[in-house]
Amino acid sequence: MRARATAALSALALTLSATGCGSTASHPTASINSPCTQVAAVLSNGPDPGADPVGYAAAQVLPLRELKLAAGRVKTDALVLAAAYSQFSTTHGSAAAKRQVAAASHDLDAVCPGATQ
């Protein structure tokens, strides 16, 4: 009985590790530790962006800047989004800042689909 349970657990572990492996280049959000997943996790926290857009923007700046991301497009786009959110917060949601946030979100979503949603 114990051998059967061990074999079943081993098979499950093998299946999970096989499905979890893959190129993050073709699937940037495939891994829990991928840069896209880290960015999406930060952006999913904080106040409701619809209820309090300025508060949401202010809440995202520091966590985005503190992410430990390798140099590359995701890091650059996350920092640009943080700067846009900072400007949005500082200007209390000015039209120009809204455009900056929209552009930065679009750029980040191009490399990490759905990260800013």
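Annotations for the structure displayed:
- Of the residues making up region 33-45, one or more are under 30 Å from residue 100 (Cβ atoms), modelled with pLDDT under 85 and assigned to a loop (DSSP other than H, G, I, E, B).
- Some residue of region 55-70 being among the aromatic types (Phe, Trp, Tyr), out of contact with any Cys (no Cβ under 7 Å at 6 or more places or on another chain), open to solvent by less than 30 Å² (accessible area, probe 1.4 Å) and modelled with pLDDT of 95 or more: no
- Test: residue in region 94-114 that is of a type outside the set (D, E, K, R), touching a residue at least 60 places away in the same chain (Cβ under 8 Å), touching a helix residue (DSSP H, G or I) at 6+ places or on another chain (Cβ under 9 Å) and within 18 Å of residue 46 (Cα to Cα): yes
The values are calculated or read from the model by the stated rules, or taken from the named source; none is laboratory data. All values derive from a computational prediction rather than experimental measurement. Because the Cβ atoms are built from the backbone with ideal geometry, glycine has one as well, and the counts that use them run over all protein chains shown. What goes into the accessible areas is simple: the full protein's heavy atoms, side chains included, and nothing from ligands, DNA or RNA. Shrake-Rupley method; radii C 1.70, N 1.55, O 1.52, S 1.80 Å.
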